[in-house]
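In what follows, a structure is listed as structure tokens, so that the remarks can point back to it.
Readers should treat all values here as calculations from the given coordinates under stated rules, not as data from a laboratory. If you're wondering where the values come from, they're calculated on a predicted model, not measured in any experiment. So basically every Cβ, Gly included, is an ideal-geometry build from the backbone, and we count neighbours across all protein chains shown.
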Amino acid sequence: MNKNFICLLCILFIACQAEAQVIYERTYPYQYPTIRNPIEFPDHSTFSLGDRSDCGGIGTRHIDAQGNELLDNVFSAEVFSYGHHWIGHDSVLIWAAEGALDVGPDSFRVYVWTPGSLHKVLSIGIRDDPWDQDRYGAYLYTPDHLVYKRLETLYTLNLITGQIEDSLVVPDINQVFEFEEAILLLSATAYPVLLNNRLDVIQIWADLSFLSFQIYEALVLDSFLVGRLQLDTLSIGIFNVYTETQQVFDLSANFDRIEEIQVNKNKLFVKGISAGDNVVLQLDSTFSYIDFTFLDIPDLDKELSYSYFPESVYAWGLDGLSGYKANYRICYQYEDANPIHYVDIAWDTIWVDSIHKYPPEWHIPASVFLSGIVRNLSPDTLKNLTIHFQDIPVFWCDNGIYPTQKQNLSILPFSADTVTFGTWSYAAGQDLPFNRTFFIQHGNDHLDANTTDNVFILRYLISSSNELNPLSFSIYPNPFTDFITVSDPSDSMHLDLFDLNGRKVAGGFGHLDELAKLLPGIYIIQITDGVAISLQKVVKVE
């Protein structure tokens, strides 16, 4: 076994194609699941399986090297579904216990997904207890057999004949490690046991406490369990489950600190710090040295997760304003000074174009049609963006976050244009004040470089005749330092000043003063006169 771990030559990886350097964003919470643990295929496309919505459910995502969503062979399971297992380099074993919204009876289903196909290999009813996810699972797939668990019994299913051939009761299974042709079962009440795809015992141990690493944190690489040592933080331990041999590898010549280990494509990736730099050591399935490469981690003010592959790195996580969250995935080469492409968009103003009310007996909200001026502060033409607002949830499983994606825009660099969009409001349908905070984000499906100007608070009153009555006025000075006044104020004209979080910071009639204590930044001033109301953005300076 090659132990050449001390070589510190920084050999560049073959970079993933330049066009694979992308950020992919999806609007939450509709249609597709979150991006979690991207799995890379030979063509640099990635598979991900995760939650579809707050109500639960799972589904697949297949994204090509350019960040485009591939909709062929998409898998989707209904709410209260869970579970998936990676089983190879080009296919995924998916299992799901589907709940009340699934068509037909509650069931336990197993699928095999590859970039070119999706087929169901098992579907059985689970009337006994469909909600306990620990009682079901699919663990080992070969072209001829499937090993799965129902309640406390393991079964082998012959995929050619469709018949169950073997069964074995193993109570209280709490972890399963999947090897190429075997599974290792850990149980709270039984001995650790290694089984083949016919449930024959290969190895059995009284316990695995003799391992140099925590078994529940171990990874599987070929025939080995791999883990970081408990006492020696700069070494890794390996254990061959077939030969029962154990070894320890000292990586102190490579790292000042090891931060994580991963297994992908039958290779081991050790990520850590060396002389202040982020580095990744890559080893093959014989633990021979492949490469030692610098990792240029993107500088973001949010936590990222990383998946390491032989030629590229995937950074993935969440981004969003307020309660809105969007997933993004970044693919870039190991040494890339600028893996992230930003945009900068801002709201200038929003106004109400019209409101359509429905008969009261329908008990549905009014349709509100709005326009807003979006400013593109980036050097690229703005082609799409996400608008969202938050409200009290209106139905079961509703999280109260309502996004809309605007497509087919053409806002030129460093210019502004009007964007129209629709929303709903129960208050507007009852001639009550329409107050709502709108957010924009993710122009061109990228991260926003400055989100302080992505918020606009719209406050509007509707007269009894359903006429919208905006006010015409001038505000000065703007920018302001210690006071604001309006042209031709009336005795009934009331002014309210709000920060971008919607918090009222000042109020008065026709004039606001003693504003020097406010922090510099953007504020919204609302002017109300009877049933008429208008808003304008103002800037506070030192």
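On the principal axes of its alpha carbon atoms, the chain extends 90, 60, 39 Å, with the longest extent given first. About its Cα centre, the chain has a charge dipole of approximately 540 debye under the convention of +1 per Lys or Arg Cβ and -1 per Asp or Glu Cβ, with nothing else charged.
Would you kindly state how much longer the chain becomes between residue 384 and residue 119 on full extension, computed as 0.36 nm times their sequence separation minus their alpha carbon distance, in nm to one decimal? Don't skip to the answer; put the middle values down first.
Details: separation 265, 0.36 × 265 = 95.40 nm, distance 3.51 nm.
Extra length available between residue 384 and residue 119 comes to 91.9 nm.
Of all lysines in the structure, those lying under 18 Å Cα to Cα from residue 267, and not within fewer than 8 positions of it along the same chain, are 3.
Extension gain, residue 338 to residue 256, is 27.0 nm, computed as 0.36 nm per intervening residue step minus the present C-alpha separation. Diffusion coefficient (Stokes-Einstein, Kirkwood radius over C-alpha pairs, 4 °C, 1.567 mPa s) for the stretch 149-232: 93 µm²/s, rounded to a whole number. The mean sequence distance of close C-alpha pairs (under 8 Å, at least 6 residues apart), as a share of the length of the stretch 343-540, puts its relative contact order at 19 percent. Residue-normalised convex hull volume from the C-alpha trace of the stretch 343-540: 132 Å³ per residue.
Each of 93, 474, 203 was placed along the dipole of the chain (beta-carbon charges, centred on the mean Cα), and the one lying farthest toward the positive end is 474. Peptide packing: for 448-457, 515-524, the average count of neighbouring Cβ atoms within 10 Å per residue gives the ranking 448-457, 515-524, highest mean first.
The convex hull built on the alpha-carbon positions of the stretch 146-191 has an orientation-averaged projected area of 3.4 nm².
Coupling constants for the stretch 60-67 follow from the phi torsions by the Karplus curve (6.51 cos²θ - 1.76 cosθ + 1.60, θ = phi - 60°), and in residue order they are 9, 10, 10, 10, 7, 5, 8, x Hz; glycine and proline get x.
Ranked for footprinting exposure by Cβ neighbours inside 10 Å, fewest first, 375, 61, 198, 436 give 198, 375, 436, 61. Considering only 498, 411, 522, and ranking their Cα positions along the charge dipole of the stretch 343-540 that arises from unit charges at the beta-carbon of Lys, Arg, Asp and Glu, the one farthest toward the positive end is 411.
Rank by packing, highest mean first: peptides 267-275, 62-70, with packing defined as the count of other Cβ atoms within 10 Å averaged across residues.
267-275, 62-70
The phi torsions of the stretch 275-289, fed into the Karplus equation with coefficients 6.51, -1.76 and 1.60 and a -60° offset, translate into couplings of 6, x, 9, 7, 9, 10, 9, 10, 10, 8, 6, 9, 6, 8, 5 Hz, rounded to whole numbers, with Gly and Pro shown as x.
In this structure, the residue pairs whose Cα-Cα separation is over 27 Å, taken from 325/383; 120/271; 302/504; 271/302, are 120/271; 302/504.
How big is D, in µm² s⁻¹, for the stretch 181-311 by Stokes-Einstein at 25 °C and 0.890 mPa s if Rh is the Kirkwood radius over C-alpha pairs? Rounded to a whole number, D works out at 152 µm²/s.
In the neighborhood of residue 374, defined by Cβ-to-Cβ distances under 10 Å, what is the net charge if each Lys or Arg adds +1 and each Asp or Glu adds -1? In short, 0.
Semi-axis lengths, largest first, of the ellipsoid equivalent to the stretch 354-398 are 32, 16, 7 Å, with √(5λ) applied to each eigenvalue of the Cα gyration tensor. Summarising the amide proton neighbourhood of residue 107: residues at separation of 5 or more, or on other chains, whose placed amide H is nearer than 5 Å comprise 98, 126.
Estimated purely from DSSP H runs of n ≥ 4, each contributing -39500 (n - 2.57), the mean residue ellipticity at 222 nm for the chain is 0 deg cm²/dmol once divided by its residues. Residues whose amide H falls under 5 Å from that of residue 291, counting only those 5 or more places apart or on a different chain, are 282, with hydrogens built in the peptide plane. Comparing 373, 215, 273 along the charge dipole axis of the chain, the residue lying farthest to the positive side is 373, per the Cβ-charge model. Scanning residues 5 or more positions from residue 251 or on other chains, those with amide H under 5 Å from its amide H are 235, 236, with H placed 1.01 Å from N in the peptide plane.
If R0 is taken as 25 Å, the Cβ-Cβ distance between residue 188 and residue 247 corresponds to a FRET efficiency of 0.30.
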